[in-house]
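Student: My structure is below; once you've seen it, I'll send some questions.
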There are 2 protein chains.
Amino acid sequence: MAQRTVFYVSDGTGITAETFGNSILAQFAISVRHVRRPFIDTPDKAHQVVREIAETGEREGRKPIVFITVIEPEAHRIVCSAPALVMDMFRTFVEPLEDELGITSNHRVGRFSDVSKSQEYSDRIEAINFTLAHDDGQSSKNLAEADVILVGVSRSGKTPTSLYLAMQHGVKAANYPLIPEDFDRGHLPPALKPYKSKCFGLTIAPDRLSEIRNERRPNSRYASLENCRAEVAQAEQMMRRDGIAWLSSTHKSIEEIATTILRDIRPDRLVY
Amino acid sequence: MAQRTVFYVSDGTGITAETFGNSILAQFAISVRHVRRPFIDTPDKAHQVVREIAETGEREGRKPIVFITVIEPEAHRIVCSAPALVMDMFRTFVEPLEDELGITSNHRVGRFSDVSKSQEYSDRIEAINFTLAHDDGQSSKNLAEADVILVGVSRSGKTPTSLYLAMQHGVKAANYPLIPEDFDRGHLPPALKPYKSKCFGLTIAPDRLSEIRNERRPNSRYASLENCRAEVAQAEQMMRRDGIAWLSSTHKSIEEIATTILRDIRPDRLVY
C-alpha cells in the first residue's frame, strides 16, 4: 500500500485539522504517516513548517498532503505556498457562511477563549472530578447529581466510557460494577434503585472479556472463559429483567459507546 | 446577537462534523444552538432529520446551517436535499484527494474499524488505566513506563490534563502533587529523581487557584489567597531550580496544555 505523509498545520492545537483529516483519509486505502504541527502562528514558524513539508516531499518523491486550520493571515499565506496538496478547511467554508450569515468572519488570531471564564469548561472539569469520585462504585454519595450511571461486569469498559462522557461532554457519569453478590440477590445494587432511569448497561463478549482480564490476572478464575461466560449471562439477564438499556462494547470505541448512550438516555445533551 | 441552529449530521458519531463546525463557527460573532444527530445511516433516518431541519428553519424564520459527514450514498443524497445551508465536508475534499492519490475513495458505510483489533485503541485504554493508577502520586511503581509525569500544586490541573493525554493520545501520564514537605526539602519528590527529563510542571495564578480551592474547601487555610501565593511561589522556584519545563494553566484548556506538553517534551507523539 502506498504511504503518504500528511501534515496537520494550525495556529491552534491542530486537533480540528487532525480529527477531520483522519476521518477523510479513512475513506482511502492508503497507509498514512501523520505529523501534527500546532501553534504555527508567526511567519517564522510558518516558513519552518513549509521547509519541513518541502523536504518530506523531496525525500519521499511524493507530494505531502496538508490539512490546515490557520487563521493568522500572514502565516496562512505562507503555509498555503507549500509544495503540497493543501486542503484549506476553514477558508473553503468561510465564504458560503459569510454569504448566508450576512456578516464577515473575524479572521483573527487567538481564537482561544479564556477557559477560566467559560461555564462550559468548568462544567467539564467538574464532571471529570465527579466521575473520578464515582468510579467503580466508590461512592453512592450524590448519585442524584449523576447524569448517567453505567453498570456492567468488571472490565466491560465502564471507566473509560465514563471519563470520555465527562471530558468531552461535561456529563457526570458514575459507574458501578455488577458483582457476584448482585447476581445472588438477583437485583441491581440497592444504591441504584432510585436512579434506574439513568442507568445504562455495558456488556461484552465473554471470550473478549476473558482476554482482557487475562492481561490483568493471568490464569485466574476471574479471567477464565467459564467464569466470564457465567458473569456476562447473569448481568445481561439482570439488565433485561430490570429494564436497563444496554449495548455490547466488544467492537465499539468509547466515542461510539458514549454517543449511543447520549442518544438513548440523554438526547438533551446532544443539543446545547 | 442573531441566533442560528446548526446541525451536525453523520452516519458515524458526528464528532468530526461537530469538532470542525464548532471551530469554524467560532470565527463568527453569532450565537449558536448546536444539534448533533449521529448514526444517520438509512434513508428513513435521513428523511426524519431533513424534516427536523425543515421545521427548525420554518419556526426560526432562518435557514439552519448543516455540517455533514455522511458516507452512505442514499442517506447522503437525502440529507443534502434539506432546506438549509449544507456544508458537505467530506465530498468537498474527496475529489482533490482522489486526483492526487490516483485512487477512488471507498464511499462506504461502516467506517468504524473494529476496535477490538486495533493496537492504537488498546494502547489508549491501557494508558487510561496507567494514568488512573498513577493519579495524584498514588503509586511510584512503574514510573519508568510513564511517557510524561506532571507535577504541580494541588488543583493546578494535573488530573484532567493527564486523563486527556491518555484518552486522546495514548500517552501514559502520571501526576504528582507538590506539597509542603517537598518545599521544606527544597527538591522534587525523591521518586521522580530518575525521571526528571519526562517531568513537566503546571502552575496557576494564585487568585485563580484560591477560587478553585474555595469551591472544594470554603474558607480553609488551604484555599486562602495567602497560602496559594506561597505554594505557587515555592513550586515555581523548585521547578526553575530543577530545570523542569512548565506552563501556567490559568487561561488554557486541557487540549492546549496537552498539545504544548507533547510539543515540548514528547514531539515524537505528534508523529505517528
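Student: Please return the ranges of helices (runs of 4 or more DSSP H) entirely within region A:44-139 where 2 or more residues are in contact (Cβ under 8 Å) with a residue 24 or more places away in the chain and farther than 30 Å from B:Leu85 by Cβ.
Tutor: A:119-133
Student: Next question, about the same structure. Take the residues in region A:40-64 that are in contact with an Asp or Glu (Cβ under 7 Å, 6 or more places away or on another chain) and closer than 19 Å to A:Glu18 by Cα, then tell me which one is farthest from the other protein chains (Cβ to nearest Cβ).
Tutor: Checked region A:40-64; the qualifying residue farthest from the other protein chains (Cβ to nearest Cβ) is A:Asp41.
Student: I'm checking my understanding of the structure. Among residues of region A:164-180 that are touching a residue at least 60 places away in the same chain (Cβ under 8 Å) and among the hydrophobic types (A, V, I, L, M, F, W, C), which one is surrounded by the fewest Cβ atoms within 10 Å (Cβ to Cβ)?
Tutor: Among those residues, the one meeting the criterion is A:Val171.
Student: For region A:233-258, which positions are buried (at least 23 other Cβ atoms within 10 Å of the Cβ), part of a helix (DSSP H, G or I) and touching a strand residue (DSSP E or B) at 6+ places or on another chain (Cβ under 8 Å)?
Tutor: Answer for region A:233-258, where residues must be buried (at least 23 other Cβ atoms within 10 Å of the Cβ), part of a helix (DSSP H, G or I) and touching a strand residue (DSSP E or B) at 6+ places or on another chain (Cβ under 8 Å): A:Ala235, A:Ile257.
Student: Next question, about the same structure. Answer with yes or no whether A:Asp114 is under 30 Å from the mean Cα position of the chain (by Cα), surrounded by fewer than 17 Cβ atoms within 10 Å (Cβ to Cβ), closer than 28 Å to B:Ile65 by Cα and more than 11 Å from chain B (Cβ to nearest Cβ).
Tutor: Working: under 30 Å from the mean Cα position of the chain (by Cα): yes; surrounded by fewer than 17 Cβ atoms within 10 Å (Cβ to Cβ): yes; closer than 28 Å to B:Ile65 by Cα: yes; more than 11 Å from chain B (Cβ to nearest Cβ): no.
The answer is no for A:Asp114.
Student: Residues of region A:22-39 being assigned to a helix (DSSP H, G or I) and either at the interface with chain B (Cβ under 7 Å from one of its Cβ atoms) or buried (at least 19 other Cβ atoms within 10 Å of the Cβ) (or both), which ones? Reasoning before the result, please.
Tutor: Filtering region A:22-39 for residues assigned to a helix (DSSP H, G or I) gives A:22-25.
The answer is A:Ser23, A:Ile24, A:Leu25.
Student: Then there is this: For region B:72-84, name all the residues that are crowded, with 19+ Cβ neighbours inside 10 Å and either within 10 Å of chain A (Cβ to nearest Cβ) or touching a helix residue (DSSP H, G or I) at 6+ places or on another chain (Cβ under 7 Å) (or both).
Tutor: Listed by number, the residues that qualify are B:Ala75, B:Ile78, B:Val79, B:Ala82, B:Ala84.
Student: Would you point out which residue out of A:Arg77, A:Arg124 is among the basic types (Lys, Arg), modelled with pLDDT of 90 or more and farther than 30 Å from A:Tyr195 by Cβ?
Tutor: A:Arg77
Student: Looking for something surrounded by fewer than 18 Cβ atoms within 10 Å (Cβ to Cβ) and out of contact with any Phe, Trp or Tyr (no Cβ under 7 Å at 6 or more places or on another chain) - is there at least one such residue anywhere in region B:6-21?
Tutor: Checked against the condition, which is being surrounded by fewer than 18 Cβ atoms within 10 Å (Cβ to Cβ) and out of contact with any Phe, Trp or Tyr (no Cβ under 7 Å at 6 or more places or on another chain), region B:6-21 yields no hits at all.
Student: Considering (1) more than 10 Å from every other protein chain (Cβ to nearest Cβ); (2) modelled with pLDDT of 95 or more, say which one B:Val109 fails and leave the rest.
Tutor: So the condition that B:Val109 fails would be (2).
Student: Give me the pairs, please: first residue somewhere in region A:181-209 and more than 27 Å from A:Lys252 (Cβ to Cβ), second residue anywhere and loosely packed, with under 12 Cβ neighbours inside 10 Å and among the hydrophobic types (A, V, I, L, M, F, W, C), beta-carbon distance under 6 Å, and either six or more positions apart or on two chains.
Tutor: Pairs that qualify, where the first residue is more than 27 Å from A:Lys252 (Cβ to Cβ) and the partner is loosely packed, with under 12 Cβ neighbours inside 10 Å and among the hydrophobic types (A, V, I, L, M, F, W, C): there are none.
Student: Looking at B:Ser23, B:Ser10, which one is small (Gly, Ala, Ser) and modelled with pLDDT of 90 or more?
Tutor: Going through B:Ser23, B:Ser10 in turn, the sole match is B:Ser10.
Student: Can you name every residue in region A:203-244 that is farther than 18 Å from A:Asp182 by Cα and acidic (Asp, Glu)?
Tutor: Across region A:203-244, the qualifying residues are A:Asp207, A:Glu211, A:Glu215, A:Glu226.
Student: Pick from region A:228-260 the residues that are within 14 Å of chain B (Cβ to nearest Cβ) and of a type in the set (A, V, I, L, M): which of them is farthest from the chain's Cα centre (by Cα)?
Tutor: Of everything passing the filter in region A:228-260, A:Leu247 is farthest from the chain's Cα centre (by Cα).
Student: Another question, if that's okay. Would you check if there is a residue in region A:242-259 being more than 17 Å from A:Leu150 (Cβ to Cβ), of a type outside the set (A, V, I, L, M, F, W, C) and touching a residue at least 24 places away in the same chain (Cβ under 8 Å)? Give the steps one after another, and end with the answer.
Tutor: In the first step, residues of region A:242-259 are kept if they are more than 17 Å from A:Leu150 (Cβ to Cβ); the result is A:251.
Imposing the further condition that a residue be of a type outside the set (A, V, I, L, M, F, W, C) reduces the set to A:251.
Next, only the ones that are touching a residue at least 24 places away in the same chain (Cβ under 8 Å) stay: none.
Looking through region A:242-259, none of the residues is more than 17 Å from A:Leu150 (Cβ to Cβ), of a type outside the set (A, V, I, L, M, F, W, C) and touching a residue at least 24 places away in the same chain (Cβ under 8 Å).
Student: Would you say A:Thr69 is within 12 Å of chain B (Cβ to nearest Cβ), among the polar types (S, T, N, Q) and crowded, with 21+ Cβ neighbours inside 10 Å?
Tutor: yes
Student: Counting only residues that are surrounded by fewer than 18 Cβ atoms within 10 Å (Cβ to Cβ) and among the small types (Gly, Ala, Ser), how many does region A:204-232 have?
Tutor: Within region A:204-232, residues that are surrounded by fewer than 18 Cβ atoms within 10 Å (Cβ to Cβ) and among the small types (Gly, Ala, Ser) number 4.
Student: Could I ask something else about it? Name the one entry in A:Ile40, A:Ile24 that is in contact (Cβ under 8 Å) with a residue 12 or more places away in the chain and aliphatic (A, V, I, L, M).
Tutor: A:Ile40
The values are calculated or read from the model by the stated rules, or taken from the named source; none is laboratory data. This structure is a prediction, so every number in the text was calculated from the model and none was measured. Backbone-built Cβ (ideal geometry, glycine too); neighbour counts: all protein chains shown.
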